[in-house]
Amino acid sequence: MKSITTTLKKGLTALFLICSVPVLAQINAPVPNGLPINETSNLDVGTLTNDTPPVTALDGAVLFYNPATSGPSLTLTASLDDGAGNTFSTYEWYNMTTDGTTETENILTGETTQNLTLTALAPGYHKFRVYGLVDNGEVICQSDDFEDIILFVLSPLTVDTTFDANGNPLIYCSNDAPATPIELSVSGINADYAANTNGYPNPAGSDFEVSYAWFAVKDGDTANPVDLTTATDTYAVTLTDPGTYTFYVEVEYTIKDKESRDYVTYTGNVQNGGTDLEIVVTPTPGAPTITIDNIVD
């Protein structure tokens, strides 16, 4: 906050009427920088003063979407003063939206304290703005300057999986594994921002760096999946232990440590025409034994 404008206290009502009218400004939308997106700074999130770049990056500005709560919650806290000796009495908070060309300040009615609590944030970008007001008993002064914060909520990923049999049957003998293995792959990574209507453009799911983990389930034993120790978007099937196998892949963002949040990891079975892909490895028979019967000398 750099400058203060003066408003007579008796004109307070008029001031708030003016503030309730949306204010339009040229859009300064957050723009991801650098692909793949693998760290907070790539998402251009954090704070900026007077909507003037660069953005001061904040790690806490990237959040996970939890379907159980319809999105994350957090509290934004404005400073008590402007750093130049002016202590704020009240605040004005705004939710910013855009039509792609201009931004609109949408006042958050009733939010006049230092703290703004946000809940159920939809996936994608969000931008909030705050002004400070000083009441010295004679006049109320509102800051000309303002502070913005840009947040980003990571959408739950959806993934398309495919397989290439490479001309092989999906049933083979344990001693006759395909020379060119059957290949499983992730063919698409998508993020859904449909619930976010503030107008800011969001990066595609494929713009993010993600990690992969492949697993096989043998004979329906889902409690003990086989870790295939593959960390790429493909897996070449080289199984020789007899059994019936299905496969699934886990995909998760690398931009933020998920800690114990299982809901941020995509888990999906590899499909074959709408059903789970099955590969059957049949046992290789042992040697027959020979006996002598029906002897006639």
Those residues that are open to solvent by 10 Å² or more (accessible area, probe 1.4 Å) and within 30 Å of T197 (Cβ to Cβ), I need them from the range 132-156; list them, please. Q142, D144, D145, F146, E147, I149, P156
Touching a Pro at 6+ places or on another chain (Cβ under 9 Å), crowded, with 17+ Cβ neighbours inside 10 Å and closer than 23 Å to V134 by Cβ: does that describe E105? yes
Those residues of the range 35-82 which are within 20 Å of D207 (Cβ to Cβ), assigned to a helix (DSSP H, G or I), open to solvent by 20 Å² or more (accessible area, probe 1.4 Å) and of a type in the set (S, T, N, Q) amount to S41
If we keep only residues of the range 157-173 that are farther than 23 Å from T267 by Cβ and of a type in the set (A, V, I, L, M, F, W, C), then the residue most open to solvent (accessible area, probe 1.4 Å) is I171
Go through the range 187-227 and count every residue that is open to solvent by 20 Å² or more (accessible area, probe 1.4 Å) and over 19 Å from Y65 (Cα atoms). 14
Within the range 174-186, count every residue that is assigned to a strand (DSSP E or B) and open to solvent by 60 Å² or more (accessible area, probe 1.4 Å). 1
What are the residue pairs meeting all of these: first residue in the range 245-267, first residue open to solvent by 40 Å² or more (accessible area, probe 1.4 Å), second residue of a type in the set (D, E) and not in a loop (DSSP other than H, G, I, E, B), Cβ atoms under 9 Å, and 6 or more apart or on different chains? K256/D59; K258/E252; Y266/E250; Y266/E252; T267/E250
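The values are calculated or read from the model by the stated rules, or taken from the named source; none is laboratory data. Because the structure is a prediction, the values reported are computed rather than measured. Cβ: placed from backbone, ideal geometry, glycine included. Neighbour counts: every protein chain shown. Ligands, DNA and RNA are stripped out before the accessible areas are found, and what is left, the full protein with its side chains, is counted by its heavy atoms. Shrake-Rupley method; radii C 1.70, N 1.55, O 1.52, S 1.80 Å.
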